[in-house]
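The values are calculated or read from the model by the stated rules, or taken from the named source; none is laboratory data. Keep in mind that this is a model prediction, so the values were computed, not measured. Please note: Cβ atoms are built from the backbone with ideal geometry, for glycine as well, and neighbour counts cover all protein chains shown.
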Amino acid sequence: MTVSATAGAATLGRLGFAGGQTIQEFGYDDDVDNEFRYQVEDLTGSELEDEDYNDGADGVLLWYRDGDDDLVDLLVDALTKLFDQGFIILLTPKAARPGHVEASDVEEAASTAGLQTGGSFHVSEHWAATRLMSPKGPRR
């Protein structure tokens, strides 16, 4: 079941996406939800940047499955790509799907990377999204 365009735009807004943003994507593979990706591109008005992009981003999409590289390391790497006030959207397979990641593992990795969670959302039939951001205040 897919989300309607209006509901999808509302969810994207709650995740932090807005027009004019530059969004960098990590963890792309053949199992990602392309409809969600296209919705992000439509809302921001630009294509997603790949892992080789080096100019800084307003947000990062990080597709992560259990068994991928260390989540803390990936989150720290993603943080280095962000402008101040940037955010990371961590996309993980939903429960009972191959590669599912427990919410407690996401919370622990986020905390270790110096991030806090800002809510979780179901963005497609197979993927859930968690908004991660730096705590309020300037970065060191």
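Worth pointing out:
- Within segment 115-139, no residue satisfies the criterion of being exposed (fewer than 15 other Cβ atoms within 10 Å of the Cβ) and either modelled with pLDDT of 95 or more or hydrophobic (A, V, I, L, M, F, W, C) (or both).
- Looking at G20, G13, G59, just one residue is touching a Leu at 6+ places or on another chain (Cβ under 9 Å) and surrounded by fewer than 16 Cβ atoms within 10 Å (Cβ to Cβ), and that residue is G13.
- Cβ pairs under 7 Å, 6+ apart, first in segment 40-51 and without any contact (Cβ under 8 Å) to a residue 60 or more places away in the chain, second in a helix (DSSP H, G or I): V40/L12; L43/A9; L43/L12; E47/E41; L48/R37; L48/V40; L48/E41
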